[in-house]
1. Give just the number: which of (1) out of contact with any strand residue (DSSP E or B) (no Cβ under 8 Å at 6 or more places or on another chain); (2) more than 29 Å from residue 121 (Cα to Cα); (3) in contact (Cβ under 8 Å) with a residue 24 or more places away in the chain does residue 34 not satisfy?
2. Output the residues belonging to the stretch 6-38 that are modelled with pLDDT of 85 or more and farther than 17 Å from residue 167 by Cβ.
3. What do you reckon, is residue 46 in contact (Cβ under 8 Å) with a residue 40 or more places away in the chain and either part of a loop (DSSP other than H, G, I, E, B) or at negative phi (or both)?
4. In the stretch 136-149, how many are farther than 28 Å from residue 80 by Cα and either part of a strand (DSSP E or B) or at pLDDT 95 or above (or both)?
5. From the list 90, 75, which residue is farther than 23 Å from residue 166 by Cα, out of contact with any strand residue (DSSP E or B) (no Cβ under 6 Å at 6 or more places or on another chain) and surrounded by fewer than 16 Cβ atoms within 10 Å (Cβ to Cβ)?
6. Could you grab me the full set of residues in the stretch 46-65 that are under 15 Å from the mean Cα position of the chain (by Cα) and at pLDDT 95 or above?
C-alpha cells in the first residue's frame, strides 16, 4: 500500500502478490510529463506470465505520453500502439493490462458535453450539440453542456483502459468508476 500527495493530487495504490512466487505488476504512482507542467500521469499495469511486460510499460510510459500531446483519442490510441511496439521488441514472454489516467489542470475554459462524468466527443473529432448527440444515441442517461477549466471543475481526466483493470475516482466520501469492466462479447469494445 502506498499513499502520496503531490501537485494537486492525493494518490493511493494497493497491490498484492497473491499466490505467485514473484510480483508481476507495476504502477506509475505519479509522473510529470516533460514540457507539460499542468499534467500528471498515473498507471497500473497488471502483468501476466511474468513481470517483464508490466515493468517495460511502466518504464516507457512517460516517454511515449510526452510525444502524444495534445491528448486526443487518436493520440492516445497511437501512444498505446507505440507502447505495444516497444513491448514486442523488448519482451519475449508475458503480457499486461493497462489503466492509464492523465490528469490535466486546465489553464483555460472549455465547454464540453458530458454524459455522467464522461465527455462525449462527436464521430468526427469535434464536439456536437446535445441535440445532435441525442439524435444519434438512444441511451437514457442525460447529456448536458458544462464548462471545465474553471474553479469548480479545474481538471480534465483522460482515461485509457486496455484489459480488465479498474480505475476509480474518489472524492471525499463519494466515488465514480472511470473505466468499464471488459466484456469479451461486447461489440462496442
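1. (2)
2. Step one: filter the stretch 6-38 for residues modelled with pLDDT of 85 or more, giving 23-29, 31-38.
Listed by number, the residues that qualify are 23, 24, 32, 33, 34, 35, 36, 37, 38.
3. Numbers: in contact (Cβ under 8 Å) with a residue 40 or more places away in the chain: yes; either part of a loop (DSSP other than H, G, I, E, B) or at negative phi (or both): yes.
Considered against the rule, which asks whether it is in contact (Cβ under 8 Å) with a residue 40 or more places away in the chain and either part of a loop (DSSP other than H, G, I, E, B) or at negative phi (or both), residue 46 comes out as yes.
4. Total satisfying the criteria: 5.
5. Details: 75 fails: farther than 23 Å from residue 166 by Cα.
Result of the check over 90, 75: 90.
6. The initial filter retains those residues of the stretch 46-65 that are under 15 Å from the mean Cα position of the chain (by Cα), namely 46, 57-58, 61-62, 64-65.
Listed by number, the residues that qualify are 57, 58, 61, 62, 64, 65.
Results for (1) more than 20 Å from residue 180 (Cα to Cα); (2) over 19 Å from the mean Cα position of the chain (by Cα); (3) in contact (Cβ under 8 Å) with a residue 60 or more places away in the chain; (4) part of a loop (DSSP other than H, G, I, E, B), shown as yes or no for each residue.
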residue: 83; (1), (2), (3), (4): yes, no, no, no
residue: 89; (1), (2), (3), (4): yes, yes, no, no
residue: 92; (1), (2), (3), (4): yes, yes, no, yes
residue: 96; (1), (2), (3), (4): no, no, yes, no
residue: 102; (1), (2), (3), (4): no, no, yes, no
residue: 114; (1), (2), (3), (4): no, no, no, no
residue: 121; (1), (2), (3), (4): no, no, no, yes
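Conditions (1) in contact with a helix residue (DSSP H, G or I) (Cβ under 6 Å, 6 or more places away or on another chain); (2) loosely packed, with under 14 Cβ neighbours inside 10 Å; (3) part of a strand (DSSP E or B), marked per residue:
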{"position": "5", "(1), (2), (3)": "no, yes, yes"}
{"position": "12", "(1), (2), (3)": "no, yes, yes"}
{"position": "18", "(1), (2), (3)": "no, yes, no"}
{"position": "22", "(1), (2), (3)": "no, yes, no"}
{"position": "27", "(1), (2), (3)": "no, no, yes"}
{"position": "30", "(1), (2), (3)": "no, no, yes"}
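The values are calculated or read from the model by the stated rules, or taken from the named source; none is laboratory data. All of these numbers come straight from a predicted model, not from anything done at the bench. Positions of Cβ are generated from backbone atoms using ideal geometry, with glycine treated the same way; all protein chains shown enter the neighbour counts.
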